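What follows is a single structure, written as structure tokens, with notes after it.
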Amino acid sequence: MKPIPLEDDFNDILNKAMSGLRLTDKELSRKSGVSAEIIHALCRGKLDETSLPRLAPALNLDPQALLRSALKLYRPRPVEVPGLEMFTTSYRGAMTVNAFLVYDPVTREAAIFDTGTDAMPIVDRVAGLNLRPVALFLTHTHPDHIAEVDTLKRRLGLGVRCSSREPLSGSECFDPGSCFSVGNLSVEARSTWGHSQGGTTYVITGLDEPVAVVGDALFAGSMGGGMVSYADALRTNREAIFSLPDDTVICPGHGPMCTVAEEKRHNPFYPEFKA
């Protein structure tokens, strides 16, 4: 299978940080000393290796991690955890979106996290592994993550669970901090809102490695935009994801899987972990 590219390029990171901090090109120029014309070009993907790191302090980004992103020097190591599988589908032809199947290898009970845009590979895999799915958990209710809810309900008879902060019609809502069981696995729902009102990270223990299904809260080398609150997106990621053990596998809504340790080293949005 062809490797999944990182969700964001360096200019996506710049644009998310500038939008979150509500900085125009001119305002960022005054803060950084980089001309507005160069900033404008950088935000459109034209790399200037000298100027790019100079923007980072004004955006609360790590300069070296930002430059490594621009030079495409970060690629997370492939992840393989028995009982965890990722399904990647195309959304509107311009991007991909991930869904995840998690199962207890002993009891064969399983849960699905988000749906992607084509649920049939998940349905077929559930049948092929002789699994007993017990629930569909949603990280948030943006269209690319819930497109196949009805298919999974119909094909697998699943109940749908989502945050009470972002209810979906026909689903069972829960409050942040709720815990669930999938066979011998434990699933804890943690609030990682900011990209969406009810963004939820599911921390799964009981497999060979701890797993966090994070939706659009965090990507390998980036994060979801703060569409509701940039400050809270940063804060809840720090509290709910970066507090997890370093070997925790991060399962994002877009892009490749990674680990907490890798994101501490390489994610420009979290400079405090680089020291």
Next on the checklist: For region 90-143, give me the residue count where each residue is out of contact with any Leu (no Cβ under 7 Å at 6 or more places or on another chain) and either part of a loop (DSSP other than H, G, I, E, B) or not assigned by TED's automatic domain parsing to the domain that holds Thr205 (or both).
Outcome noted: 15
Next on the checklist: What's the total number of residues in region 49-81 that are among the acidic types (Asp, Glu) and within 24 Å of Asp25 (Cβ to Cβ)?
Outcome noted: 2
Item to check | Test result for Pro105, out of contact with any Asp or Glu (no Cβ under 9 Å at 6 or more places or on another chain) and closer than 24 Å to Asp208 by Cα | outcome: yes
Next on the checklist: With the requirement that a residue be of a type outside the set (Gly, Ala, Ser), out of contact with any Gly (no Cβ under 9 Å at 6 or more places or on another chain), at negative phi and surrounded by fewer than 17 Cβ atoms within 10 Å (Cβ to Cβ), what does region 125-149 give you?
Outcome noted: Arg125, Leu129, Pro143
Item to check | Where Ile13 falls short, out of the listed (1) at pLDDT below 95; (2) buried (at least 18 other Cβ atoms within 10 Å of the Cβ); (3) among the aliphatic types (A, V, I, L, M) | outcome: (1)
Next on the checklist: Quick test for you: out of Arg54, Arg44, Arg77, Arg22, pick the one residue that is at positive phi and not assigned by TED's automatic domain parsing to the domain that holds Gly199.
Outcome noted: Arg22
Checklist entry - Based on what the data block shows, is Phe219 within 18 Å of Asp62 (Cβ to Cβ), of a type outside the set (Val, Ile, Thr) and touching a Lys or Arg at 6+ places or on another chain (Cβ under 9 Å)? => result no
Checklist entry - Can you name every residue in region 96-115 that is in contact with a helix residue (DSSP H, G or I) (Cβ under 8 Å, 6 or more places away or on another chain) and closer than 18 Å to Gly224 by Cβ? => result Val97, Ala99, Asp114, Thr115
Item to check | Any pair with Cβ under 6 angstrom, 6 or more apart, that starts in region 113-127 at a residue that is closer than 22 Å to Ala94 by Cα and ends at one that is in a helix (DSSP H, G or I) and of a type in the set (Ser, Thr, Tyr) | outcome: Ala119/Thr151
Checklist entry - Looking at region 165-181, which of the residues that are more than 22 Å from the chain's Cα centre (by Cα) and part of a strand (DSSP E or B) is surrounded by the most Cβ atoms within 10 Å (Cβ to Cβ)? => result Ser181
Next on the checklist: Among the residues in region 37-47, are any closer than 21 Å to Pro271 by Cβ, among the basic types (Lys, Arg), surrounded by fewer than 16 Cβ atoms within 10 Å (Cβ to Cβ) and at pLDDT 95 or above?
Outcome noted: no
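The values are calculated or read from the model by the stated rules, or taken from the named source; none is laboratory data. As the structure is a prediction and not an experimental result, all values here were calculated from the model. So basically every Cβ, Gly included, is an ideal-geometry build from the backbone, and we count neighbours across all protein chains shown.
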